[in-house]
Structures are given as C-alpha cells and as structure tokens.
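**Q** One structure follows; several queries about it will come next.
The values are calculated or read from the model by the stated rules, or taken from the named source; none is laboratory data. None of the values given here were measured: they were computed from a predicted structure. All Cβ positions, glycine included, derive from the backbone under ideal geometry; neighbour counts span all protein chains shown.
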Amino acid sequence: MSSRPELLDLATRIASSAAEGEQVEVCVARRSSTAVRAYDGAVESFTSADTFGIGVRVVSDHRVGFASAGTLDEGVVAEVLADARDNARFAEPDEHAGVAEPDGVAPVPVDLWRPALPAYGAADKIERAIALERAVRAADPRIAGVRVAAWGDSFGESAVATSTGIAQWSRATGCHLSVQALARDGAETQTGVGSTVGREPDELDFDEAVADAVDRATRLLGATKISTRRIALILEPRMAASVIGIVAGTLCGEPVTKGRSPFADREGDAIAAPVLTLVDDPTDHRSLGAESHDGEGLATRRNVLLDAGRLQGFLLDSTTGRRLGRASTGSAVRSARSMPGAGVQALALEPGDGSWDDLLARYDGALVVQAMTGLHSGVNPVSGDFSVGVEGMLVGGGEALQPVREVTVASTLQRLLLDVVAVGADLEWLPSGDGFPTVVVGEVSLSGN
Amino acid sequence: MLDEGVIKRTLSAALRTGGDFAEVFAEDKRATSARLDDGRVEELSSGRDRGVGIRVVSGETTGYAHTADMSEDGLRTAAEAAAAAARGGGGGERIVDLTRVTAPRPNPVAILPETIEKAVKVALLQRANDAARAESAAIKQVSARIGDSRRRILVANSEGLLAEDDQVRTLLSVQTVAAGDTGMQTGYETVGFTIGWELFDRVDVEEHARKVARQALTKLDARPAPSGTMPVVIGPGGGGVMFHEACGHGLEADLVGKGASVFKGRVGELVASPLVTIVDDGTMPEEWGCFAIDDEGTPAQRNVLIQDGVLTDYMWDHLRARKEGRARSGNGRRQSYQHLPMVRMSNTYLLAGQHDADEIVADTDHGVYVKHLGGGQVNTATGDFVFGMTEAYLIEGGKLTEPIREGNLIGNGPEVLTKIDAVASDFAMGNPGMCGKDGQGVPVGDGVPTLRVTELTIGGTAA
C-alpha cells in the first residue's frame, strides 16, 4: 500500500475545512463485492459491484447535523458537507454533543486484510457455491432441495478523520458461504441453515456449513408441539449469542443514558448468575469482529460487562460517555452512511467446564434450542419482556432426540440472566464475530398444547 | 434521469454476450430525517443515493452489476460485468427500441417534503414531545421521528419497455417509555402514507403522541399474558401483518418455485375458511406499499390471492413469470439499485366480511383480543410463524377486561387460515410496515377487519 491512502486524504481534507467553533467528522468507505447464488447445479445469479459511501457529522454550537451519500463524486461530497452544516443549524443544542477527541489509548494492531481474497477468481467463487449446493443435496436422502446456496465476498477500505485531530484508515477482506436446506418426509418439510465466514477462502469451513444445514433440517423432521410446562433450555452457542447479544444491547450508551435500559442503574450489582463473565473485546484476534479502531477513530479496547454475574460497566461512544461524565470505551459502531453510536463489536462469554455430553446428561427433559423466531418482535429491550418461538429437541437419556416445533418460551431478560445454571466448555467463534459456549437456562415457561 | 440513447447503447452492450434479456434500473433517492429524543431535537440527517443496476439474464443465470457512476462509461462497464456473468449461446450486435409505458400514479402528492423548512419539522417534533409528556408524569421518555423520502426510478429493458416512477413517502413515528412500580413499558406507533407534507393536515400530531403515551401507560397495569391455546380476536387494522406472514410470503412465486412454500401445487384448492378473501394490491392509493410501477417497470395491480377460501394465484416477478410463460403481477421489487428484484408483496389485506365486530367479542367466552401486532416472522417451508402482540387485552365472558403484557403468538399459516370462524365488516388498513426478505427491506402495507381465529397459541409472559 502506498504511503498515504487516498481515502484518508479525502477524509482529512474535508475534516480540516471546519470553521471556527465547528467540529467536522468525516467517514469515507469504498468496497468491492461479489455475490453468487447457485441453484440446480448452475449459477442462479452473479452480482458484482463497487460501492462508495461518505458520512459527514457537523457539530456547531453543540448542535448536530449529519448527511451522507453513496458516491464520492466531488460535487456530491461538497453537497453532503453543506447539508450536514445546514442540518446542524436546526438541531437543538446538547452540551454533550461532539466528535471524539484523541485519547492517547494505544491501538492493538489487528490485520484484517488477506491478499488471497481480492485475488480469488470468479470461476472459483462459482465453483464453491455450486459445490455447496451439490454437497448438501448429496448428504442425506431426506434432503429434497436447497433454497439457496450462496457465496459472498467483499474487500474494501475506510477512513475516519476529524477536525479534532483523529485520522484513521483501515482495510479488510471477508468472505462467506451460506446454505438453506429443505428436508422432506412425506408431506412434511423442514429447513436448516448452515454458514461459514472467514477473511479469506482458506478460512472457510465448507464441511461444517454443509453438516449444519443438513443436520438442522433433517433432525426437525417429525417435530411436534409439546404440552405447556416449565422447562430448562440448552442454548447452542449461536442461540446463546443471540439472547445474550440482546442483553448486551441494553448495556450500550443510548439506552443507558436515556432511561431505556432495565440495567441503567444497576452498575456494581449482581444482575446475572455467577457463571456469567461477559466481555466485548474487539482486540481479540480470534473474533471476526476484531478491529483496531472504533467508528469514531479511537483505539478499541477490552471492556468487561459482566464479571461473575456482576455488572461492571457499559459500552460508550464519545457522546454517551460525556453524558455519563466518562471517557468513550472505544465502542462506536457505524457505517459511512450512518451516525456513530455505541454498540457491541466482539462479544464473548467466558467458557465454563461442561462438555456438550455432560450438559445433556445433567439436564434431562431440557429443550435444546436450535432456532428462535420473533426475537425482534417478542423481546422488549426496555421492559425486558421475552417471548419467542423456538424449535429444537427434547433431551432424554443423555440424548437430544425428540424434535419440537411451534412452541414459545417466555421469561424476562432480567430473569434469564439470573436463571443461567451452566456454561459449557465449548467456546465457538461465530460468523457474527461473537465467541460463545453453550448456555443452560434453568427454567422458563414453555407454551404449547 | 438517463438519456434514451445512452440507455439503448447500454442495453446493446449488455446483450453482447448473448443474453436473452437485459435491463437498466436507475434510481435517485433523497431521504431526510429529523429525530427528537430525550426532550430535544438531537439530529437532522439527510441522505442521497443514486446509481444504476444492470441485469442480464441468460437461460437460468442472471448477471447483475451496479454502479454509482451514472456516466455512459460507468453504465457500459457495469453492463459488461453483468454480461460477462451471464453468457448465452449467441451474441453480437442487437438494437433495442424503447416504448414508454405510462402507469397511473396511485395518488397525487400535494406538498413535496423537500419544500418544507427544517424549522417546521423541529416545531412539529416538539409538539409531539410535549403532548406525550403532558399525558402523565409516568411518561419518562419520548422519542419522535419525521422521515420523508423521494425516490425516482427508471426501468428500461430489452423487451422495449421504458417506464418511470416518482415515489414520495412521509411518516411520523413516536415511541414512549412509561415507568411505574412494575418496571418500564413502551408504546410505539407510526403513521405514514405515500403522500407529502399534507400528511400533517390530516394527522393530529398531539393526538398521535397522546395515543402512544397511553399505550405505554396501559401496559404498566397489564397482567402477564396467559400462555396456552385459546381463541384470539384480531382488531381492525392492527393485525394485517398476520396474513402477510401467515400466507403472503408462502404465495411468492420464487419461494413456491423452489419448493420452499407449503402452498406449492395448491392453486384451485380450498386452503382457508370460506370467509377468507386475501388481496395484494399495489394500486391502493396512499398506502405504504403502493407505487405506479414495480421495480421492473410493471404497472401495479390488484391481485386476488385467495377468493372465498380458494387459492387463486401466487405473486409474480419478471423472471418467474417469464419462466412459466404467464403474466407478471406487478410484484417485482427491490430495496435499491444495489439489489436484484424478487417477488415481494405490496399492500396485503383480508377483505371485510358480514359479522358485527362487537358481536364477535361478545360471542367469545374466554380468549385474547389483539389490538396491535408488532413484527413477525415466518418459515415459508413449514408455514410456522410468530408475531408479537404490542397491545392486547383479555376477553372474559364476552367482554374486554384487563390489558396484558407483550408476548408472542405462534401458529401455522395454513392451519390458521382454516380456523377463522368470523370476519367483521369494519375493515381498516394498518400502519406502515417494512418487510424483510433475503436481506432486502421494502415498504409494505397491510389491513384486516375484526376477525376471530378459533385457536392460536399465546406465548405468555413470565409472571
């Protein structure tokens, strides 16, 4: 890479045009991507694109304006800056508003760029997608079809610069394979998804994506509704990440500083079972969410949210940090097209000591949860009410055998955290960037027949 | 938006590798948003997106490339990339003649939102905030947002079609948080139409804000939702999302074609109670999912999907209709020029019936009355769906008694359709919706009269 990236120059140039008493933050990004979908042994679609984005935040007299566009054409860039300035004139002053200031925290270098990805050819991508479909169809006689088998990749760069002296550039590569299998038995159809994500093609686990889609679809064949009862839930790592991810969302700056988090005034309290130690750590290289800098250009850091069940702190960007009289935790997330806001980057739950088989043996009658539906509509992150549809298998005699569908489980986020009774040893780094082991919730109410 | 000569030359370039079909989709979208939170208008933002997506179809393969570079060079580069991905047998020079298709706008737009002073938007949000907070001291937080957008599109294809549309949308959404001894509860409601600033001539901002405040306040006193299987009465307008999820997605021809729908092969069969007639209608004036042309240039249509319980047809886009040798239904939509079109709903609703709404409740001994459903999700292959109840009441002895807390409803689409035993005459459209499929969001509408499902599973709330 040449001495100084062009995008960083562009961002710095616009940021430095800040007038007296004005702060300007500029984020620019450029990305090349391809997506291949295979169906019936052939390419169903092949999409290629170069996309661009610019977002400008102007803070003037503590008033915030934002504007963005999907092109870096000079005329449009000037228009975006003018729009952001004009928008700022009409917002109401907020003493805490402002862009980030350099805080002297040294970044942990994370290299997200793999030259093998941009060099990977179109024919290879097509071959991967078609092979994925073929492998899923061949894996089990009950697989009746594949709804979609897809390859996706992108590589790009982004820069953040501010009139307060931040100038940060990074680039990254990534690719994924994903598949949805249809399993059939008589008139019954079930579906299962599998996916794998990496920074370059060699990091993808093709076989695992195939096995996950096939197992998840076929093991649900014959699933029935069961009777209403109190039941323990065994959350596979993916499911544990979904549920605890919602909790982590309530520990972010916006809800915490605006009275929309059930945990806003619980810092220092034991809000969760002692088996739960939860961190958000983008400096951990094992996570696909790893980043050296956050969306405001500050160095990322390891933030402890729960330490043995006790609430240690929140995830903050610079604005919500000032609102609490604290520093940013380097947790701003954004795209070039959106304002930065505090969010989760690389959530990880510390593993416990039970193997999968131990947990099944220990929790006879529990439900292994393979999929949850309605997580967006059925969970209220303000009140904490939690009610979702689940699919999975009932545990009997140390095995997860009897498939279950069309039932819901209810609890609250507050109760769920306290009701966790065990955490597995099987830490898994997920495509989402989260690292989670299996989590067992002691008791929820299940609604069925 | 684009010169006709440029479009023709781009289509020719797109067909050079022997594709059977080529299409140019151009889009220019401006959106603005003003957001109040925590007592102040925190942020105004604006966004601009323009670009072109070029599609080439050869046999079963689609090549697609999109670019923000709308110059002739930019278009040619994208056309070549799309063509390279979808090579056919032939090739060579082909000339395309274009004929402009004009489709009627579903409704006029009186006042373009871009002509409104930002200060006016700010004042309106402050009025919403004041009204919601004045409703009760228990209202601890209010956020409100005005969003408007203008999206101009142009579609041209190698079949000679050239069509344009100019889509304007304006909405107001309010969210409230009420706090009491039982913790915090929320209220949320959006009102919006495919019209301009005249929205605020007919929406009373204060009344809307007070209504959302009362939603949160009501839930402070709410009991945990019961769990188990029971009759559920859905209120007018508030439950259309149920039919969007329970059967709409399963009637999308792309999912049907791949065997991922429980409704595959069932056209002509009785799939629902004879009381049920379901329509998808992109022409419905002002409703959130309406448009003059879909994102493939097909004029919007009113399509009957289920007539008196009998499945009459699926919804179609260009690709699937072409494959089956049948007419398109105006359901080919995409989120933006960066996306391939696919089969999507527009405004989906269940027609009014003959029953009296009050009698339906009076005739229900024990059950749940759902005034508002939140978002939902369906697995089209199994028909299993869930959706959240954002405002619901117990029915005891034929009367609405206490409010209940949020929970999920769960059911199976094909089963629920057969278990509808009463449909009232009080049809109403619901609030603006955003439907997600394969990572693309498009605006949709839905509607429903009061109706009763004899049996649905209520997910309940923890006590």
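**Q** Has segment A:319-331 got at least one residue that is within 14 Å of chain B (Cβ to nearest Cβ), free of Cβ contacts under 8 Å to residues at least 24 places away in the same chain and of a type outside the set (D, E)?
**A** Checked segment A:319-331: no residue is within 14 Å of chain B (Cβ to nearest Cβ), free of Cβ contacts under 8 Å to residues at least 24 places away in the same chain and of a type outside the set (D, E).
**Q** Answer yes if at least one residue in segment B:162-170 is in contact (Cβ under 8 Å) with a residue 24 or more places away in the chain, under 21 Å from B:N408 (Cβ atoms) and surrounded by fewer than 20 Cβ atoms within 10 Å (Cβ to Cβ), and no otherwise.
**A** No: segment B:162-170 contains no residue that is in contact (Cβ under 8 Å) with a residue 24 or more places away in the chain, under 21 Å from B:N408 (Cβ atoms) and surrounded by fewer than 20 Cβ atoms within 10 Å (Cβ to Cβ).
**Q** Please count how many residues of segment B:53-108 are within 16 Å of B:L154 (Cβ to Cβ), more than 14 Å from chain A (Cβ to nearest Cβ) and in contact with a Phe, Trp or Tyr (Cβ under 8 Å, 6 or more places away or on another chain).
**A** Here the count works out to 0.
**Q** Collect the residues in segment B:216-240 that are within 28 Å of A:V407 (Cβ to Cβ), at pLDDT 95 or above and not in a strand (DSSP E or B), keeping them in residue-number order.
**A** B:G235, the sole residue that qualifies.
**Q** Would you mind listing the strands (runs of 3 or more DSSP E) fully within segment A:382-426 where at least 2 residues are facing chain B (nearest Cβ under 8 Å) and either free of Cβ contacts under 8 Å to residues at least 12 places away in the same chain or buried (at least 23 other Cβ atoms within 10 Å of the Cβ) (or both)?
**A** By residue number, A:385-396, A:399-412.
**Q** Let me ask something else. Name the residues in segment B:110-149 that are farther than 20 Å from B:S33 by Cβ, of a type outside the set (A, V, I, L, M, F, W, C) and out of contact with any Gly (no Cβ under 6 Å at 6 or more places or on another chain), would you?
**A** Matches in segment B:110-149: B:D130, B:R133, B:E135, B:S136.
**Q** Next up: Since B:K121 meets every condition but one in (1) crowded, with 19+ Cβ neighbours inside 10 Å; (2) part of a strand (DSSP E or B), which condition does it not meet?
**A** (2)
**Q** Do we find a residue being at pLDDT 85 or above, over 24 Å from B:M429 (Cα atoms) and either at the interface with another protein chain (Cβ under 9 Å from one of its Cβ atoms) or touching a helix residue (DSSP H, G or I) at 6+ places or on another chain (Cβ under 7 Å) (or both) anywhere in segment B:391-398?
**A** yes
**Q** Report those helices (runs of 4 or more DSSP H) wholly inside segment A:204-262 carrying at least 1 residues which are more than 13 Å from chain B (Cβ to nearest Cβ) and modelled with pLDDT of 95 or more.
**A** The helices (runs of 4 or more DSSP H) meeting that bar are A:206-218, A:237-249.
**Q** Hey, among the residues in segment B:399-418 that are over 28 Å from B:A222 (Cα atoms) and surrounded by fewer than 24 Cβ atoms within 10 Å (Cβ to Cβ), which one's nearest to the other protein chains (Cβ to nearest Cβ)?
**A** Only one residue tops the list, namely B:E415.
**Q** Please determine, by comparing only the residues of segment A:130-153 that are within 12 Å of another protein chain (Cβ to nearest Cβ) and under 28 Å from A:G289 (Cβ atoms), which one is surrounded by the most Cβ atoms within 10 Å (Cβ to Cβ).
**A** Filtering segment A:130-153 for residues that are within 12 Å of another protein chain (Cβ to nearest Cβ) and under 28 Å from A:G289 (Cβ atoms), the one surrounded by the most Cβ atoms within 10 Å (Cβ to Cβ) comes out as A:A149.
**Q** Find the strands (runs of 3 or more DSSP E) located wholly in segment B:379-441 whose residues include 1 or more that are without any contact (Cβ under 8 Å) to a residue 12 or more places away in the chain and either acidic (D, E) or within 30 Å of B:T170 (Cβ to Cβ) (or both), and list them.
**A** Filter on segment B:379-441 gives B:433-437.
**Q** Additional query: Residues of segment B:102-118 being assigned to a loop (DSSP other than H, G, I, E, B) and surrounded by 17 or more Cβ atoms within 10 Å (Cβ to Cβ), which ones?
**A** The answer is B:A103, B:R105, B:P106, B:N107, B:V109, B:I116.
**Q** Go through segment A:302-341 and give me each residue that's surrounded by fewer than 20 Cβ atoms within 10 Å (Cβ to Cβ) and assigned to a strand (DSSP E or B).
**A** Hits for segment A:302-341 are A:V304, A:D307, A:R310, A:G341.
**Q** Turning to a different aspect of this structure: If you go through segment A:33-62, how many residues are more than 7 Å from chain B (Cβ to nearest Cβ), farther than 23 Å from B:V57 by Cβ and not β-branched (V, I, T)?
**A** Here the count works out to 6.
**Q** Something else: Tell me, yes or no, whether segment A:284-293 has at least one residue that is out of contact with any Pro (no Cβ under 7 Å at 6 or more places or on another chain), in a loop (DSSP other than H, G, I, E, B) and aliphatic (A, V, I, L, M).
**A** No: segment A:284-293 contains no residue that is out of contact with any Pro (no Cβ under 7 Å at 6 or more places or on another chain), in a loop (DSSP other than H, G, I, E, B) and aliphatic (A, V, I, L, M).
**Q** Further question on the same structure: Can you tell me which residue within segment B:264-323, out of those that are among the basic types (K, R) and either under 22 Å from the mean Cα position of the chain (by Cα) or assigned to a strand (DSSP E or B) (or both), is surrounded by the fewest Cβ atoms within 10 Å (Cβ to Cβ)?
**A** Taking the candidates together, the pick is B:R302.
**Q** Here are some conditions: (1) among the basic types (K, R); (2) within 30 Å of A:E101 (Cα to Cα); (3) in contact with a Gly (Cβ under 8 Å, 6 or more places away or on another chain). A:R362 meets all but one. Which one does it not meet?
**A** Answer for A:R362: the failing condition is (2).
**Q** Looking at segment A:111-125, which of the residues that are touching a helix residue (DSSP H, G or I) at 6+ places or on another chain (Cβ under 9 Å) and of a type in the set (A, V, I, L, M, F, W, C) is farthest from A:G325 (Cα to Cα)?
**A** A:A122
**Q** Take the conditions within 14 Å of chain A (Cβ to nearest Cβ) and either among the β-branched types (V, I, T) or surrounded by fewer than 24 Cβ atoms within 10 Å (Cβ to Cβ) (or both) and apply them to B:Q377. Does it pass?
**A** Criteria met by B:Q377.
**Q** Under the condition of being within 15 Å of B:A321 (Cβ to Cβ) and acidic (D, E), which residue from segment B:239-261 is nearest to the other protein chains (Cβ to nearest Cβ)?
**A** My answer is B:D254.
So that you can scan it fast, the table gives a plain yes or no per residue for (1) under 27 Å from A:S33 (Cα atoms); (2) touching a residue at least 60 places away in the same chain (Cβ under 8 Å):
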{"position": "B:D38", "(1), (2)": "no, yes"}
{"position": "B:G63", "(1), (2)": "yes, no"}
{"position": "B:E72", "(1), (2)": "yes, yes"}
{"position": "B:T77", "(1), (2)": "yes, no"}
{"position": "B:V101", "(1), (2)": "no, yes"}
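**Q** A further question on this structure: What are the residues in segment A:147-171 that are of a type in the set (A, V, I, L, M) and either outside any strand (DSSP E or B) or out of contact with any strand residue (DSSP E or B) (no Cβ under 7 Å at 6 or more places or on another chain) (or both), if any?
**A** A:I166
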